[in-house]
Structure formats: structure tokens, C-alpha cells
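Undergrad: Mind having a look at this structure? Questions to follow.
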Amino acid sequence: KIYILNTTLKGILFVAIGASSYGMLASFVKMAYEQGFTTAEVTISQYVFAIICLLAINLFVKNKQTVTKPHALKLIISGTSMGFTSVLYYLCVKYLNASVAVVLLMQSVWIGVLIESFINKKMPSLPKIIAVVFVLIGTLLATNIFSGELNYDIKGFVFGFLSAISFSITLYSTNSV
């Protein structure tokens, strides 16, 4: 039981760190939009910066690994879905405020449970179902849906939900690499 508790706490911590990171990222993207940058420019600059960082890190790594064909396909799927996640998330941020955008992105939690259930062809465990219920309740409260004053751009919601689907695919595919 202690192992499960530690794993759960780690999971909660990682989700919180991930949400915070995407929340900060959304603020930077909003600032870039205010400076006149486009979604493509923001996305490309992010990936160029990441490539430079990874190349620099690679200079100091002594243990080089080769990639097999099955792993290459999984890497392509995870990389492509991460690219789609970035573009869709940045488009969401263009139409919605950063806090709503990150809440929509974090819908990947319950979407991931659905994907896992579909692929494994079995119902999710009770703790996963409870977690999904909490995520959905939190989403309703965070988006202020009960106030009756919804003036959100529907395009932002569509892009946000698509980014969550893409992020779920990224998480699932990188988990198997």
C-alpha cells in the first residue's frame, strides 16, 4: 500500500508540474502573440531551441543508442503527436486565456484513460474512474461554466480539446518507447 501511495503522490506531483509548465508556456505564447508572432513562428522557435539543447546534451552523453525500426515508428508517432499538441495548444491560447487553455489540455488525463481502456479492451480501475470524475468536476469549476456567463470562443475550445487528444496520444506512445 505504501508503494501505491508513493506512486500516486508522484503522479499528482508530475501532473501539477506539467500543468504549471504548460500554464507558464501559455503565458509566453500570449506575449509572443502580442508582439506579432504567429503560431508557426512560436512553434518553430520552440522546437529549434529544443533541438539545440538536445544536441548540446548529446555532446556529453557517452552511451549512444541505436534505434530499431519498431522503436523508430513509435518515436515518430510520439514526436508527431507532440508537434500537433504544441500547434493545437498554441491555437487554443490564441482564442482563450491561458488558464482555460491549460485546463482544456489537462483533459488528456481522462482521454488517456479512455484510450488505454480501448486499446487494452478492459474497463478502467475504480481509482482511475474516481480520478476522471475529479478531473471533470475540476474542469467544470475551473472554466466557470456554472456562472452562466460563457463568452469563450468555440474555436479555442475545439483547439483545446484536440490538443488534449493529441497530448494523450503523446503520453501513451512515449510510455511504450
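The values are calculated or read from the model by the stated rules, or taken from the named source; none is laboratory data. Everything numeric in this text was worked out from a predicted model, so none of it was measured. With ideal geometry, Cβ positions are generated from the backbone for all residues, glycine too; neighbour counts draw on all protein chains shown. For accessibility, only protein heavy atoms count, side chains too; no ligands or nucleic acids. Shrake-Rupley method; radii C 1.70, N 1.55, O 1.52, S 1.80 Å.
Undergrad: With the Cα gyration tensor of the chain giving a ≥ b ≥ c as the square roots of its eigenvalues, does the rule (a/c under 1.5 for rounded; else a/b larger than b/c for prolate; else oblate) give rounded, prolate or oblate?
TA: Verdict is oblate for the chain.
Undergrad: Also: With n ≥ 4 as the cut-off for DSSP H runs, can you work out [θ] at 222 nm for the chain, using -39500 (n - 2.57) per run divided by the number of residues, rounded to the nearest 500? List each step's numbers first, then the result.
TA: Working: 7 runs with 142 residues, N = 177.
The helix contribution divided over the chain gives -27500 deg cm²/dmol.
Undergrad: Would you mind classifying the stretch 26-108 by shape? Square roots of the alpha carbon gyration tensor eigenvalues, ordered a ≥ b ≥ c; an a/c under 1.5 is rounded, otherwise it is prolate if a/b is larger than b/c and oblate if not.
TA: The shape class here is prolate.
Undergrad: What ranking, highest mean first, results for peptides 104-113, 39-48 when packing means the other Cβ atoms within 10 Å averaged over each residue?
TA: Ranking the peptides 104-113, 39-48 by packing returns 104-113, 39-48.
Undergrad: Any chance you could run the full-extension gain for I17 through V61? It's 0.36 nm times the residue separation minus the Cα-Cα distance, nm to one decimal.
TA: 13.2 nm is the gain from fully extending I17 to V61.
Undergrad: Can you tell me the accessible area per residue over the stretch 39-177, all protein chains present, probe 1.4 angstrom, in square angstrom?
TA: 66 Å²
Undergrad: Still on this structure: What is the local net charge at E116, summed over the other residues whose Cβ is closer than 15 Å to its Cβ (Lys, Arg +1; Asp, Glu -1)?
TA: Around E116, the charge tally is +3.
Undergrad: Hey, another quick one. Let me check against my output: what whole-number percent is the relative contact order of the stretch 17-122, with C-alpha pairs under 8 Å and at least 6 apart?
TA: Computed value for the stretch 17-122: 49 percent relative contact order.
Undergrad: Now for a separate question. With the cut-off at 32 Å, tell me which of the pairs K74/K94; K94/K121; K30/K122; K74/K121; K69/K94 have Cα atoms farther apart than that.
TA: Pairs exceeding the cut-off: K94/K121; K30/K122; K69/K94.
Undergrad: Sort 50-61, 115-126 for me by packing, meaning the mean count of neighbouring Cβ atoms within 10 Å per residue, highest on top.
TA: 115-126, 50-61
Undergrad: Taking each full run of DSSP H in the chain as one helix, which ones are at least 30 Å long along their axis (Cα atoms) and have mean Kyte-Doolittle hydropathy of at least 0.0?
TA: 2-34, 39-60, 69-95, 154-175
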